[in-house]
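So the structure is just underneath, and the comments pick up after that.
The values are calculated or read from the model by the stated rules, or taken from the named source; none is laboratory data. The structure displayed is predicted, hence computed values, not measured ones. Counting neighbours? That spans all protein chains shown, and the Cβs are built from the backbone with ideal geometry, glycine included. All accessible areas refer to the heavy atoms of the entire protein, side chains included, with ligands and DNA or RNA removed. Shrake-Rupley method; radii C 1.70, N 1.55, O 1.52, S 1.80 Å.
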Amino acid sequence: MWKPTDLTTVRLRAWRFSTDQDYLNVMNSVDPPYAAYQGTVNGYDRRRANYYSATVTHAFDGLTLTNATSYQKSLPGGFGVALNLGAPLGIGTLINGGDANSFVNEFRLATSGDGPLHWVGGAFYQKARGLYTFSLNFPTLKLGGSTITRTENASVFSEVSYDLMGGKLVPLLGLRYFKDDRSSESVTNGQLITSHAKPDALTWRANLAYYPSDKWMLFFNAGTGFRSGILQSQAQANAVIADGVPTGVSLTPDKLRNIEIGAKGKLFDDKLHLSVSAYDIKYTNLQSAFNTSIGLSAFANLGDAKTQGIDIEASWDTPIEGLNLAVVGNVNTSEFTNVIPAFAAANPRNKSGQELFNTPPYNWRLDVNYQKSIGAYDVFANASATAVGKARNSDPTVNTLNPYQLYRASVGVRKGAYTVKLFGENLSDERGPTAANGPTLLAGPRPRTIGVNLSLDFN
C-alpha cells in the first residue's frame with residue numbers, strides 16, 4: 001500500500017497459484033480415497049494462474065472515488081485421468097486442458113460524510129476469454145476438440161439510502177443495468193460450430209432497515225438477479241426442439257426474485273450475538289442440461305423453481321473466560337415448479353414438485369474456541385462439527401448423496417509472532433461421497449489428516 005497524499009491510497013497486489021499433483025481431486029474411488037493409477041494412465045492435475053490488481057481511492061468534499069482494476073491469466077494446463085466406464089466403452093483416457101484471461105475494471109463514487117443521504121454509483125467493465133480442450137480415447141470412441149468462449153460485458157449501477165427518524169429507519173434502493181456480448185467457437189473432430197448472444201438486464205434491490213435500539217436491527221430486503229443464457233450449437237438446439245421443448249443457440253436468460261426478512265442483535269450484556277432471517281427465492285426460466293431422445297447432450301430452459309429457508313447464526317462468549325461457542329446453519333425446502341411438460345417427460349427427475357439438485361435440506365456447523373494467556377504465551381484450542389443433509393445429485397447414475405458429518409480440532413501455543421499448532425482434519429475419517437459426477441467419478445473429503453503447523457507473522 002502507498003499513500004502519496006493523506007487523501008489518496010494506492011494498493012497493489014500480485015498473486016501466483018500453481019498445482020502439480022499426480023492425482024485428481026475428483027476421484028475414481030472413495031474408499032480407498034483415490035486411485036492414482038487407473039488402467040495404464042497416471043492421473044494428474046497441472047494448473048497455474050497469475051493475478052494482479054490495483055485499487056486507487058481518493059477522498060474529497062464528502063465523497064470517495066474508487067477505481068479497482070484486475071487482470072487474471074490462467075496459463076496452459078489441465079488434467080488427465082483413465083476411466084473405466086464399463087461396456088461398451090471399457091477403459092480409456094480423458095485429457096482436459098486450456099487457458100483463460102480476464103480484465104476487469106470498476107469505477108465507483110460514494111458519499112463519505114455523516115449526513116442522512118448515502119449514495120454510491122459507478123460502472124463495471126469486463127473482457128474475458130477462455131480456451132477449453134479435451135481428448136477422449138476409448139477402444140470404441142475417439143473424440144477431440146476445443147471451445148473458445150468470449151465475453152465483453154459492462155454495467156452501470158447506483159444505490160441510495162436516507163436516514164429517517166434520526167437514523168432509526170433507513171430505506172434503500174439500488175438499480176443495475178447489465179449488457180453482455182458473448183460468443184463461442186467449438187471444434188469437435190474437425191467440425192466448427194459458432195454461437196453468439198447479446199443478453200441484457202435491469203436488476204434492482206430494495207431494503208428497509210429499522211434500529212429500535214443501538215443493539216438491534218430489523219430488516220426487509222427484496223431484489224432480483226440475472227444470469228446470461230448458456231451458448232450451445234445449432235445441432236444441440238435442433239435436437240431439443242425435435243423433442244418438443246423450445247430452445248435456441250443461446251438460452252433465454254434465467255432470473256430470480258428474492259425476499260428476505262430478519263433481525264440481528266446482541267443479548268446478555270453483548271455476550272450473545274444473534275442473527276436470524278427467513279427467505280423466499282423464485283427462479284424463472286431456469287436453465288438446465290437436457291437429455292435428448294437421440295442421446296445428444298444439450299441445454300434448455302426447463303421452467304421455474306423455488307426455495308424457502310431460514311438462516312441462523314449465533315455466537316456466545318460463555319461465562320468461562322476465553323471460551324466461545326458459535327453455530328451457523330440453514331434449513332430449507334426447494335422444488336421445481338411449472339416445468340415444461342416435454343422437458344419433464346424426457347427428464348423425469350426434473351418434474352414439478354421434485355426437490356432441486358445439490359440442495360441439502362440442512363447445513364449446520366458448531367464451533368468451540370478457547371484461548372488463555374499464560375505469562376508470555378497464548379494457549380488456544382478449537383474444534384468444529386459440520387452436518388450436511390441428504391441431497392439429490394444432478395447426475396442420475398448417482399441419484400442421491402447421503403448425509404454426512406465432518407469433525408476437526410486443533411490445539412496450539414502462540415508467543416509474539418510465532419505460532420505452533422497441532423491439528424486434525426476429518427477426525428472420523430468420513431469418505432463420502434460428498435460429490436458425484438457419474439458412478440466412477442466420486443469425490444469425498446480429504447481422508448483423516450493429522451499435522452503440525454508452524455507460522456511466523458511478519459506484521
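Note on surface exposure: 227, 257 rank 227, 257 by accessible area, highest first, 1.4 Å probe.
Note on residue 377 and residue 17: the extension gain reaches 126.2 nm, defined as 0.36 nm multiplied by sequence separation minus the Cα-Cα distance. Working note: Karplus 6.51/-1.76/1.60 with θ = phi - 60° gives segment 120-129 the couplings 9, x, x, 9, 10, 9, 9, 9, 9, 9 Hz, where Gly and Pro are set to x.
Our note on the geometry: Cα centres of segment 152-172 and segment 61-109, 33 Å apart. Each of 15, 2 has its accessible area taken with a 1.4 Å probe; listed largest first, they run 2, 15. Assuming charge only on the beta carbon of Lys and Arg (+1) and of Asp and Glu (-1), the dipole of the chain about its Cα centre is about 580 debye to the nearest 20. Probing with 1.4 Å while keeping every protein chain in the model, the per residue accessible area of the chain equals 56 Å².
Put +1 on the Cβ of every Lys and Arg and -1 on every Asp and Glu Cβ in segment 139-273; which of 219, 265, 146 then has its Cα farthest towards the positive end of the dipole? Of 219, 265, 146, it is 265. Excluding same-chain neighbours fewer than eight residues apart, the aspartates and glutamates reachable from residue 179 by a Cα-Cα span under 12 Å are 152, 200.
Per-residue 3J(HN,Hα) values for segment 266-283, derived from phi via the Karplus relation 6.51 cos²θ - 1.76 cosθ + 1.60 with θ = phi - 60°, read 10, 9, 6, 6, 6, 7, 10, 9, 10, 9, 9, 8, 10, 9, 9, 10, 10, 9 Hz in sequence order (x marks Gly and Pro). Partners of residue 168 within straight-line reach, counting lysines whose Cα lies under 24 Å from its Cα and excluding those fewer than 8 residues away in the same chain: 215, 264, 266, 271. Label separation (residue 268 vs residue 204): 4.3 nm, computed from points 7 Å beyond Cα along the C-beta direction.
Given q = 0.06 Å⁻¹, what are the Debye log10 I(q)/I(0) values for the chain, with equal point scatterers placed on the Cα positions and solvent ignored? Treating every Cα as an identical point scatterer, log10 I(q)/I(0) equals -0.37.
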